[in-house]
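This report refers to the structure that appears directly beneath it.
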Amino acid sequence: MTTTAPAPTTGPSSVGGEGLPIARVDNLAVSFDNGRGPRIQAVDGVRMTIYPRQTLAVVGESGCGKSVTAMSMLQLVPRPPGRFDRGNIWFDSAEGPVDLLKLSNRQMRSVRGNDIAMIFQEPMTSLNPVYTVGDQIMEAVLLHQDVSHKEAYDLAIKAMSDVGIPEPHQRIKAYPHQFSGGMRQRVMIAMALACRPRLLLADEPSTALDVTIQAQILELLVELKATRDMAVMLITHDLGVVAENADVVCVMYAGRVVEYATVFELFADPMHPYTRGLLASIPKLHERTERLVTIKEVVDNEAEFRKLPGADKGVRPWWPWHDAPADLKARDEPAGDYYLQEVRPGHWVGVWRTEAVADHESGPPDLAFRKVDSETTA
Amino acid sequence: MTTYIVRRALIMIPTLIGMTFLLFMLISLAPGDFSMALSVSGGGQMEASSRAATIAYYEDRYGLNDPIIVQYGRWLGRISPLKFGVRDQRTDKGELVRPPREVRKPALWKLFIDDLPNPPPPDLEAFAPGQEPARVYRLSANDYARTRTTYLSAATRFEVEAGRVLREQSLDKFVADDGRLDGAKPAGFEGFLFTTQRLPSEAVEALKADPDVERTFGAAVTAYTNALASRNRIAASFATKPHPEAGMPLIPRLVWLGKPDFGISVSRSRPVGALIAEALPVTLLLNAIAVPIIYFVAIPSGMLAAVRQGTWFDIASGALFVALWSVPIVWACVLALGYLANETTGLGLFPVIGLHSDDADAMRFLPSFAGGWRAGFLLDTLHHCVLPVACLTYAGFAVLSKQTRAAMLDNFNADYVRTAKAKGVSEKDVIFRHVFRNSLLPLITMFVTIFPAMLGGSVIVERVFSVPGMGSLLIDAIYLRDREVLLANAAIVGMVNMFALLLADVLYAVADPRISYK
Amino acid sequence: MSKEAPTERAPTSDAITGVHLMQGIGHQPTRGFWTEAWADVTRRPAAIAALGWLSLVIFFGAFAPFIANGHPLWVHDTETGDLSSPLVEHLSAVDVLLAAGLVVALALWFAPVPIEKQTRLRMLFFGSLQAGCSVLIAMVIDGYFGARDAPDFARQFEQTKLYKPIAAAVAGLTPALIAATILMLLRLGWHAVAAVVLGLVLGGVLHQRWDDPPDVYDYAPRAAQGEIEAVYTLIPFGPQQGETSLDLRQPGRSTLAAVIDGVVTEAAKRKGGGGFADDPRFQRKDRSPNGVSMSTVAFDDAVMEDLRAHLEFARPILREAPEDMAAQAEQLRASGELRTLADVARWLEGDDAPRFIVGTDSLGQDALSQLIHACRLSISVGLVSTSIAVVIGVTIGAIMGYFGGKIDLLLYRVVEIFMSMPVLFLLIVAAAVLPRNTYMMMIIIGCVTWTGAARFTRAEFYKLRDQDFVQSARAAGLPLWSVLFKHMLPNGVTPVLVDASFAIASAILAEAVLSYLGLGPANQASWGKLLSDATNQVGNFVWWLAIFPGLAIFLTVLAYNLIGEALRDAIDPRRKKARV
Ligand SMILES: Nc1ncnc2c1ncn2[C@@H]1O[C@H](COP(=O)(O)OP(=O)(O)OP(=O)(O)O)[C@@H](O)[C@H]1O
Ligand SMILES: [Mg+2]
């Protein structure tokens, strides 16, 4: 992809250079304490990269570990019960590349809200009910920028009007309960963007809202992304949102990445049966179909698993419900039976680590693709 | 905000009335005449008729032979600052003068005559010629007291005779314990609304036939007529307003504002209001010291336990809280008294009795060093307060600490805390600015639980440490069977409690922006 | 890599993924909600200890008459050779029912029969409810007919032979027949038969034990006379058995301490002046309560005279006739074995004299016996009054929450009225004016403390009201009580039941406070009453009456609170969230 010398695919120097990603999640595994039962492995060997000005969409069914991945980037996973089992998250911070998982509390605080901001799933409860929204936005500003109270106030007003909250001068003194859900999410966005972060983690920013508001919020995000020059990790269930906004798509299942490709590639040629099931299960406007295919129908079909390039050599999509193939050559480490293999240039699929894979292991997923770039070149 | 408080206070009024009603009914309907037990406790030795006379006197004095609803209404009217009807008057000695009550008609009078005789209209000029109104009033009051007592004893004599006849007829259920005709006074639930019972016809015949009954009835009627005449006279005298009127009129002739009147204590022969005015500040003082202590100690320890969740401090303090919370307050008081205050069996560190030393009146307020150390009134009082306050606080402290910890832990996992962390707020600020500020709300609510419990606890504390507060007053009233004090005490405590709850509500409304005042 | 069955595929690490969970790996087998909660509770050492203590208290409560009783277990009449058991003769119906009930309950619980635990629990609950009703009815009947001011016909009827059987039958069978009718209507024939059988048994016991024979503790003198030989229970004192000469004995002293004290006092009096107490030489360890060092007082003729007099006085509690003992003492003095008062004391008390292990109260009644008998009051007041409060509270709360609107507004005013008074004040006032017996106490506490349950239930029902299963139950045209109590209650009662444990604790505290203030049940041993003897107006402090009853209340309240805490943690949905 690059003309210069290939950059290392792991380690601190894998981020932050010219043409290098802003953040790289490398073999992340997070588990949770489960009382008497065994620990729950919420995330198990996830890899992904995010480039500046890129939108990385993370999709997958509920409980597959999307939020945990995002929250790991800010060390927001509650510990205990949570625990980082292994992996790194390299990030290109102001002081050079750092591993977000290894930062001390103090260092982490200067990253949070400043370099990386996050918007949460639940706008109704994510704002502190006893402070005015102005207080809450200003708190973020005052923390990270060396400004006076008055300037922070102005910045907060500015942030509020940027996200389209009408009459910010009045609304800044209002309490969260006086806002509607959509407006609260706007406040959240204003708060997140007040310090001009370079990476925004948007965890289903629109799921809890009704459809028209959803569209507004997403439009707002796209618009802000364009003006602010930041990367966005967009977590969502909605493939329509993905198709419209994402540059690169990461499909997760049961704590692992099953497919990783550019949005065009993925929609044109989904390779993992689960992805195919996902895509098949959304209605398409222009095709007349008798009825929708469910995900289950696709993944229950054995034949679907034999369509991968290299299937003849024994490359099989990883699928936890299946038994491992006979020629599995698992690494002696957790999640060693699985590998995120680049089955075609620029297209990674989670496969069983069979002999065929073990012999030709590819690099980790790494896509600098941006829709805007391709549109301008086209 | 003001409208909120006013509205909230208005809601209190029906509750207040309901509460006093509950209390009044409880005390009045309970089997055994609470109010008269003391006064008649001469019991067996007292001769039956004089016993009956004493009872009759108390019934008359407290209006006990009216239906209970009427008694309640009268009591409520007395204690309410808002009063209806003719205004009371106040003599220059400060005594309150009320319009005279009705004279009760003789029992069963309809059996004997068709109409009770009507006395002639009162003539004040003829009664006390040329006297000034206040003196006329005094004279007629004396006269009224005399005639009324005469009538009471005549009526009692009649009722005892009638009771005897009914007993002979084996109609014991119409005869009260004291030998009088029953049905004149409320007893148990029958007395709730109606006070007369129907007699069977043969009993009526027997009553009419008995010469003694006939004779005593005649005497009673004569005495009744006299009493009624006297009563009409005093009413007329009262109407001339011999004394200045008490209170403040709101709607002339209908509604006026006056001082609540809690009656006279039977056991101490003093106005109940004065007794309460002495006792209430004591109890309030104890609680006013205890409540802030509870909050100032419990909140930091609860917060610390929450922040250090799972550490030995958390576990140890949790165990301590449960243990403290389970210590019966009676036990705590007794142990404190025996081991800390008592000089022979314990350390003798604190005074055993009361709130002040004997010579407290002679003390200066502040400690003085001139000519040797003297503690002074303030320190002396505080020294006396240590044990009572400690016994009052420990349980509330434990409850509140636990609650603080729970509330903090609840909020640690709240979404907005995650938001704050994602903004980069430091751990300390998250705890103090975000978590604690939100945990404050349930802590204010806790006041609603803690304060009544402390008021209740002060009964025990005051009793054990002989502190002359509301609790001691209540227990004394119970042991001395002093109904007026019991009623007033319980009602006042209820009101204090309700005002405290109101305060908590208002505080909550201030602290939580989500409560709208509209 | 061999092929494995999917369910056997072990997680790669010690952790499991969502897929494993879906495959059923890592799932804990689901048991009933309460079973699981209970299992959580019993995993805590503190809760286990609490349960242990409560079992002990229940055991003592149920078997108190068999552990501490002034009536001997066996009496052997030396003349006729008859064996009799005054203890059994003096058992009241409640004593019998409690002891037998506990045995039956334990047997039923652990019996190896194929009945589900839940069914057994239900049987026990309804059985004890029925028994309780029968006892209450019997008490009411007895109270009416036996009252001093009872109407003539009642008094006459009470004298007839028929009174006892009829009264016992009414008391035993009324609840049984009501229960049987309801059960028949519910088509539970066998249960109805069981209820009737239980009713017959209850009637029989009540008839057998209708009147309590008066307590006369004359066994010691009779034994001293050689008329009988008596075998006592572990603690040979009844809770109400006091001799005026025995007031306030310290722990460990024997019943004969009074004799010694009397003799010592006489000796001190004879010495004149301030007595021995002022003499510093006598301030030694073995001094008697009046400060006399007994080993310094010689056993002379004067002491012998005193001893004789006091032995005569103490005749009812001596193990031999006083004359014989005096003669013995004389002999031993002659042989030089008894030289000082201390020797006399040692000889007199012997090793086998019954001792007050934790002392006596100010009436000379054994404290330990009272402590044991008071277990019953504490446990029963806690349970029954809380049940009353829960029944009232849940009913009113359910109505408030379900209907909402005006009914809610109105009933909530009632709740507010009850909450406007501090509970303890209301309790004290009510207890002061109402009759003083155990049942009234339970009713008072229950009727004053129901507001908590009402508020919990109201909130729960408010939430449940709009849920689908309630809507469908309503749509199916089920009667209101069925919707409220069969469909909604099981889902809404959890917070009430968790709170009940704390409510029991505070009911026990309330009982202790009322008894302390002298407003408790009359003629009934109570920890609070015992505690109230620890201090008095004169400023004395009796440590054993402060420590032991206080500790008993504290531990029982603590036990309930610990169980409540454990239960609350076990049920707390926030702690369950992590679990899948
Ligand atoms: N605090 C926690 N304690 C225990 N387990 C947790 C916790 N947070 C997440 N998990 C577990 O981690 C797994 C992944 O959760 P995550 O929130 O990342 O899902 P998600 O993909 O964001 O789902 P959704 O689309 O519903 O938001 C879940 O199975 C959940 O059980
Ligand atoms: Mg999520």
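The values are calculated or read from the model by the stated rules, or taken from the named source; none is laboratory data. These numbers come from a predicted model, not from an experiment. Reconstructed Cβ throughout: ideal geometry from the backbone, glycine too, with neighbour counts over all protein chains shown. The area values use the complete protein model at the heavy-atom level, side chains included, leaving out ligands, DNA and RNA. Shrake-Rupley method; radii C 1.70, N 1.55, O 1.52, S 1.80 Å.
Brief remarks follow.
- Summing Lys and Arg as +1 and Asp and Glu as -1 over all other residues whose Cβ lies under 11 Å from the Cβ of residue A:144 gives a net charge of +1.
- Model label zone, residue B:239; criterion: amide N under 14 Å from point 7 Å along Cα-to-beta-carbon; scope region B:103-119: none
- With distances taken between every two different alpha-carbon atoms, region B:272-511 has a Kirkwood hydrodynamic radius of 20.0 Å.
- Considering all different alpha carbon pairs of region A:22-179, the Kirkwood hydrodynamic radius works out to 17.7 Å.
- Among C:123, A:71, the sequence by solvent-accessible area, most first, with a 1.4 Å probe is C:123, A:71.
- Per-residue SASA entry for residue C:460, accessible area with 1.4 Å probe, Å² rounded to 10: 40 Å²
- Across the cross-link table entries A:66/A:102; A:102/A:150; A:371/B:421; A:66/B:402, which are compared at the Cα atoms, the separations over 27 Å belong to A:102/A:150; A:371/B:421; A:66/B:402.
- Accessible area, probe 1.4 Å, largest first, for residues B:499, C:313: C:313, B:499
- Rounded percent of accessible protein surface that carbon and sulfur make up, the protein assembly as shown, 1.4 Å probe: 61 percent
- Between C and B, buried accessible area from a 1.4 angstrom probe totals roughly 4000 Å², ignoring ligands, DNA and RNA.
- Heavy atoms of chains A and B lose about 2200 Å² of accessible surface on contact, summed over both sides with a 1.4 Å probe.
- The Stokes-Einstein estimate for chain B, based on a Kirkwood radius over Cα pairs and taken at 20 °C with 1.002 mPa s viscosity, is a diffusion coefficient of 77 µm²/s.
- The Cα-based radius of gyration of region B:59-171, divided by its Kirkwood radius, gives an Rg/Rh of 1.04.
- Extension gain from residue B:6 to residue B:212, taking 0.36 nm per residue of separation minus the Cα-Cα distance: 67.9 nm
- Burial annotation for region B:305-343: residues with an accessible-area loss of at least 40 Å² between the isolated chain and the complete set of protein chains, computed on heavy atoms with a 1.4 Å probe, are B:322, B:325, B:326, B:328, B:330, B:331, B:334, B:339.
- Chain A - percent relative contact order, Cα under 8 Å, separation 6 or more: 18 percent
- Interface burial in region A:57-88, defined as at least 30 Å² less accessible area with all protein chains than with the chain alone at a 1.4 Å probe, covers A:76.
- Estimated buried accessible area (total), pair C and A, 1.4 Å, Å² to nearest 100: 2000 Å²
- Förster-model FRET efficiency, 30 Å R0, residue B:93 and residue B:113, C-beta, rounded to 0.05: 0.10
- 16 Å reach of a label modelled at residue C:413, 7 Å along Cα-to-Cβ, counting backbone N of region C:448-463: none
- Scaled against the 2.2 N^0.38 Å expected of a compact globular protein of N residues, the Cα radius of gyration of region A:328-378 reads 1.49.
- Across chain C, the longest piece that holds none of the trypsin sites (Lys or Arg not before Pro) lying in DSSP loops with up to 11 other C-beta atoms within 10 Å covers C:286-576.
- Per-q log10 I(q)/I(0), the protein assembly as shown, q = 0.05, 0.07 Å⁻¹ (Debye; single scatterer per alpha-carbon; no solvent): -0.61, -1.02
- Accessible area of residue C:373 (1.4 Å probe, protein heavy atoms only, ligands and nucleic acids ignored): about 30 Å².
- Accessible area of the protein assembly as shown divided out per residue, in Å², using a probe of 1.4 angstrom: 47 Å²
- Pairwise centroid distance, computed over Cα atoms, of region C:325-364 with region A:214-247, Å: 98 Å
- With viscosity 0.890 mPa s and temperature 25 °C, the Kirkwood radius over alpha carbon pairs of chain C converts through Stokes-Einstein to a diffusion coefficient of 86 µm²/s.
- Computed lengthening from residue C:76 to residue C:572, 0.36 nm per intervening residue step minus Cα-Cα distance: 172.6 nm
- Treating each Cα of region B:102-146 as one equal point scatterer and applying the Debye formula with no solvent, the log10 of I(q)/I(0) at q = 0.24, 0.26 Å⁻¹ comes out as -0.90, -0.98.
- Simple spin-label estimate for residue A:173 and residue A:312 gives 7.6 nm between the two label positions (7 Å along the Cα-to-Cβ direction from each Cα).
- Label zone of residue C:471 (point 7 Å out along Cα→Cβ, amide N under 17 Å): in region C:479-501 this covers C:488.
- Residue C:516 accessible area, assembled protein chains, probe 1.4 Å, Å²: 20 Å²
- Going from the chain on its own to the full set of protein chains, region A:191-240 has these residues losing 10 Å² or more of accessible surface (heavy atoms, 1.4 Å probe, no ligands, DNA or RNA): A:191.
- Translational D in µm²/s for region C:389-493 (Stokes-Einstein at 20 °C, 1.002 mPa s, Kirkwood Rh from C-alpha pairs): 146 µm²/s
- For chain A, alpha-carbon Rg relative to the globular expectation (2.2 N^0.38 Å, N residues): 1.02
- Assigned charges on the beta-carbon of Lys, Arg, Asp, Glu; chain A dipole about Cα centre (debye): 700 debye
- Debye-sum result for region A:256-355 in log10 I(q)/I(0), which assumes one identical scatterer on each alpha carbon, at q = 0.13, 0.14, 0.20 Å⁻¹: -0.47, -0.54, -1.02
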